[in-house]
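In what follows, a structure is listed as C-alpha cells, so that the remarks can point back to it.
The values are calculated or read from the model by the stated rules, or taken from the named source; none is laboratory data. Predicted model only: the values in this text are computed from it and were never measured. Glycine gets a Cβ as well: all are built from the backbone with ideal geometry, and neighbour counts include every protein chain shown. Quick note on the areas: whole protein, heavy atoms, side chains included, nothing else; ligands and nucleic acids left out. Shrake-Rupley method; radii C 1.70, N 1.55, O 1.52, S 1.80 Å.
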Amino acid sequence: MKSDLIDLETAGIGDLLKLYSGVLAELRRRGVTRTDDAPTGGYAEWLTWKAFGGELQANSNKSSDLLTPRGKAIQVKSRVVSDPPKRGQRQLSPFRSWDFDYAVVVLFDNEYRVHRAAQLKVAEIRSASKEDGYVNANRVFATDALLKRGRNITAKLRTTAETQDAA
C-alpha cells in the first residue's frame, strides 16, 4: 500500500485508523504478522522464527508458536514496555498449556525495538506462574529476576531485527 505522508498531530482519527490499518496490511503482506491483531505478538514470533529458524505453528496452536529445526517447541510471549515501565506492563498473556520446551520472552520499547529478550526452560517459566481461575490459565510477569534465569538472547533478536529491516 502506498501512502502519502501525513502530519500525525493534525490528522483526524479516521485518517490515523486508516493509516494503522494500512500498516497492519503491509506487515501481513510481508509475512511479519499473520492476523489483524496488534502487531506485538506476531512481530515477536516472526523475529524469533527468523533468529532460530524452524517452522511457525498455526495461530490456533495453544502449546507453541514455533518448532525449531531440532524439534523443540517454543512459546513466544511479548510486551511493549515504557521507560519507566508502568504497573502491569510486564504481565504476559496467559499460559494455557505447558506443552512446550522453551518460552521466549521479548520486551519491546515504545518504538518496537527489542529492549530485552530471554529464552527460558518451561520449568523456569512455570515456577514463576500463578494460576488464574478467572481466565483458566496461568499468569506470569516478565520480571528482571525471571529473565535473568534464562538465556539472554537480546543481542540475537536485535541483530535479527536490524538485518531483516535492511532487507
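Table for the structure above
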read-out: Top-ranked residue of segment 73-92 - restricted to ones that are free of Cβ contacts under 8 Å to residues at least 12 places away in the same chain and open to solvent by 60 Å² or more (accessible area, probe 1.4 Å), ranked as farthest from Asn138 (Cα to Cα); value: Pro84
read-out: Verdict on Asp65 being surrounded by fewer than 15 Cβ atoms within 10 Å (Cβ to Cβ), touching a strand residue (DSSP E or B) at 6+ places or on another chain (Cβ under 9 Å) and not hydrophobic (A, V, I, L, M, F, W, C); value: no
read-out: Test: residue in segment 93-110 that is of a type in the set (Gly, Ala, Ser), open to solvent by less than 40 Å² (accessible area, probe 1.4 Å) and more than 14 Å from the chain's Cα centre (by Cα); value: yes
read-out: Within segment 5-52, tally of residues that are touching a residue at least 24 places away in the same chain (Cβ under 8 Å) and in a loop (DSSP other than H, G, I, E, B); value: 2
read-out: Residue within segment 19-36 that is hydroxyl-bearing (Ser, Thr, Tyr), surrounded by 11 or more Cβ atoms within 10 Å (Cβ to Cβ), under 18 Å from the mean Cα position of the chain (by Cα) and on the phi < 0 side of the Ramachandran plot present; value: yes
read-out: In segment 82-101, the residues that are under 18 Å from Ser127 (Cβ atoms), in contact with a Phe, Trp or Tyr (Cβ under 9 Å, 6 or more places away or on another chain) and part of a loop (DSSP other than H, G, I, E, B); value: Arg90, Leu92
read-out: Entirely in segment 112-167, the strands (runs of 3 or more DSSP E) that have 2 or more residues that are surrounded by 11 or more Cβ atoms within 10 Å (Cβ to Cβ) and either among the β-branched types (Val, Ile, Thr) or in contact with a Ser or Thr (Cβ under 9 Å, 6 or more places away or on another chain) (or both); value: 114-121, 137-139
